[in-house]
Amino acid sequence: FFRRRKTTTMGKTRGLGAGRKLRIHRREQRWADKDFNKANLGSEWKKPFAGCSHAKGIVLEKIGIEAKQPNSAIRKCVRVQLIKNGKKIAAFVPRDGCLNFTDENDEVFIAGLGRK
């Protein structure tokens, strides 16, 4: 007997002439992927370290930064101006009493440590 034609309401474009449409659609949809965005947006270069893991800087001042909730502490930090691009960042000074060995106008070497 007669077969009815299957009708699809939504789906991929099909056919010999559909290549451009498929390619453009894939190009637009790739931006929804987080890893693709990170690799291609260029925001890594806008950060203070500009894609590097370490950086040198000059200590401007010693500061104490209060910890986020629910913790309560004053983290010993220094305000540092990076040599490579002049951006100012706050860097944490590790270990007990190490802030005493750091003075203003000292040159320090900073590691990123993966913190956001």
Practice problem: Answer with yes or no whether G51 is surrounded by fewer than 11 Cβ atoms within 10 Å (Cβ to Cβ) and in contact with a Phe, Trp or Tyr (Cβ under 8 Å, 6 or more places away or on another chain). | Solution: yes
Practice problem: Determine whether region 56-74 contains at least one residue that is assigned to a strand (DSSP E or B), touching a helix residue (DSSP H, G or I) at 6+ places or on another chain (Cβ under 8 Å), closer than 20 Å to D106 by Cβ and at pLDDT 95 or above. | Solution: yes
Quiz item: Taking the condition assigned to a helix (DSSP H, G or I) and farther than 29 Å from S43 by Cβ, does N105 pass?
Solution: no
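The values are calculated or read from the model by the stated rules, or taken from the named source; none is laboratory data. Worth saying up front: this structure is predicted, and the values here are computed from it rather than measured. When we count neighbours, we look across all protein chains shown, and the Cβ atoms used for this are built from the backbone with ideal geometry, even at glycine.
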